[in-house]
Amino acid sequence: MKIKQFFSGKAATSFSASLLSILAGLVFGLILLFCINAEDALYGFSRLITAGFSSTGKFAKVLYQAAPLIMTGLSVGFAFKTGLFNIGASGQYTVGAFAALLFALQFKAPWYVCMLVAMVAGALWGAIPGFCKAFFNVNEVITAIMFNWIGLFVVNLSVSNLPNMLSFTYGGSVKNMTAALEVANPDAIIPKLGLDKLLDSSYMNISIFIAIAVAVIMWILLSKTTFGYELKACGYNKHASIYAGISAKKNIILSMVIAGALAGIGGGIYFLSGTAQYSIEKVLLDMGFNGISVALLALSNPIGTIFSAIFISYIQVGGEAMQPEFQTHIIDIIIAVIIYLSAFSLLMRNVITRIGKRKKAQPETAAEPVTQTQEENALPSDNTENESEVNK
């Protein structure tokens, strides 16, 4: 009985919806591989599924890429929970990454200071759309998209004019890329604590544990605190929250501030790993937009975000292992389809919920037992007969 109650619950329904979305995406990917190269389709698909666990180095890369994905997924999901769409996670991620690298390369600060600065920078960048939404009722999507591009070009302009941040200053050959931290400031690299030796990979550090800890904190904040209840209440019904005495403007701004801070931490985590360098380009970074997919697949649940981010990172690593049988753009299509189908997890959940309700609903065939009181009320009383005789 308890097992049936568990599988009919909201959590199990949400999990089933996300799982169906993943399976549908993988089936589509397999069909696409057969259409392109039928001979190597099964081999390529098996590489896609198993590459992430094929070696400790591959698994380390999965965790390495999952850490910033968790943070951007939390950023988008947190805003979703409070009734906002933070499509500006990419800009907040970029600004947070720049702030971390600025303090790491320009001011030679340690990694924890750089992470704190990245969080503050992302929070300030996220506060602007929140302020415009709260006081001028400007749609946060429009403002956030604008500030994605503003953030990108401001960062590119700043990096270009700060020579101490560029690679060629420290003997590198690339002029449009930031310097390697192991050369410029080893203290700014996130500690590995022996995990790189354990998994035999330079990608591995404690960033995945930082991201998981932040996800747990966000879950506690939203589910177990009055502050989180007020934020969600404003998201569900702004006018009812105001009537209840909750400051909607304050909570809208705070929601975007927290979402921006989470994305900023993601930027810091990725570029303080010691293996990534910021490159000056005119394209928005994918990590912020991938966070939308992570949040949709996890149904904005902070704990679910951990698993959805690891899954998407796992698929990306598996896609790299499919070469050279399949070209890079084919792999990108498969990953994009899987991520796109994850957006339908909410629709899947509604379908599963309706099916469960139909099974529970049973027609009442048995008639209700007639009580003694109902029998007495149904029979005519002696007083009624006497009254009828008098009338005659």
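Output ³J(HN,Hα) for the stretch 78-86: one whole-Hz value per residue in order, computed from phi by the Karplus curve 6.51 cos²θ - 1.76 cosθ + 1.60 with θ = phi - 60°, and x for Gly and Pro.
Going residue by residue, I get 4, 5, 4, 4, 9, x, 10, 10, 8 Hz, with x marking Gly and Pro.
7 Å from Cα along Cα→Cβ at both GLN323 and TYR229: what's the point-to-point distance in nm?
The modelled label-to-label distance comes out at 5.3 nm.
Can you divide the C-alpha Rg of the stretch 88-153 by 2.2 N^0.38 Å and report the result to two decimal places?
Working: Rg = 13.0 Å, N = 66, 2.2 N^0.38 = 10.8 Å.
Relative to the rule-of-thumb radius for its length, the stretch 88-153 sits at 1.20.
Explain nothing, just compute: Karplus ³J(HN,Hα) = 6.51 cos²θ - 1.76 cosθ + 1.60, θ = phi - 60°, for every residue of the stretch 195-211 in order, whole Hz, x for Gly and Pro.
Result, rounded to whole Hz: 5, 5, 6, 5, 9, 6, 8, 6, 6, 7, 8, 7, 4, 5, 6, 5, 5.
Of all the accessible heavy-atom surface of the stretch 119-255, with the other protein chains kept in place and a 1.4 Å probe, what percent is carbon and sulfur?
Numbers: 4960 of 7430 Å².
The computed percentage sits at 67.
Relative contact order for the stretch 228-294 using alpha-carbon pairs under 8 Å, separation at least 6, rounded to a whole percent? The partial results should precede the final answer.
Working: 21 pairs, mean separation 12.8, N = 67.
After rounding, I find 19 percent.
What distance in nm lies between label points placed 7 Å from Cα along the C-beta direction at SER160 and SER55?
Result: 3.9 nm between the two label points.
Would you mind getting the accessible area per residue of the stretch 126-214, heavy atoms of the protein chains only, 1.4 Å probe, in Å²?
Details: 4580 Å² over 89 residues.
On a per-residue basis, 51 Å².
Please identify the trypsin sites (Lys or Arg not before Pro) of the stretch 155-205 that satisfy two criteria: DSSP loop assignment and at most 14 other Cβ atoms within 10 Å. Which are they?
Values: sites: LYS175, LYS192, LYS197; in loops: LYS175, LYS192.
Counting only loop positions with at most 14 other Cβ atoms within 10 Å, the trypsin sites (Lys or Arg not before Pro) in the stretch 155-205 are LYS175.
Which cross-chain or sequence-distant (5 or more) residues have an amide H under 5 Å from the amide H of LEU166, H modelled 1.01 Å from N in plane?
Hits under the 5 Å cutoff: ALA179.
Please work out the FRET efficiency for the pair HIS239 and ILE303, using the Cβ-Cβ distance as r and a Förster radius of 25 Å; give the result to the nearest 0.05. Don't skip to the answer; put the middle values down first.
Numbers: r = 30 Å, r/R0 = 1.22.
According to the calculation, E is roughly 0.25.
The values are calculated or read from the model by the stated rules, or taken from the named source; none is laboratory data. Please read these numbers as outputs of a predicted model, since none were measured by experiment. Using ideal geometry, Cβ is built from the backbone for each residue, glycine included, and neighbour counts are taken over all protein chains shown. Heavy atoms of the whole protein, side chains included, go into the accessibility calculation; ligands, DNA and RNA do not. Shrake-Rupley method; radii C 1.70, N 1.55, O 1.52, S 1.80 Å.
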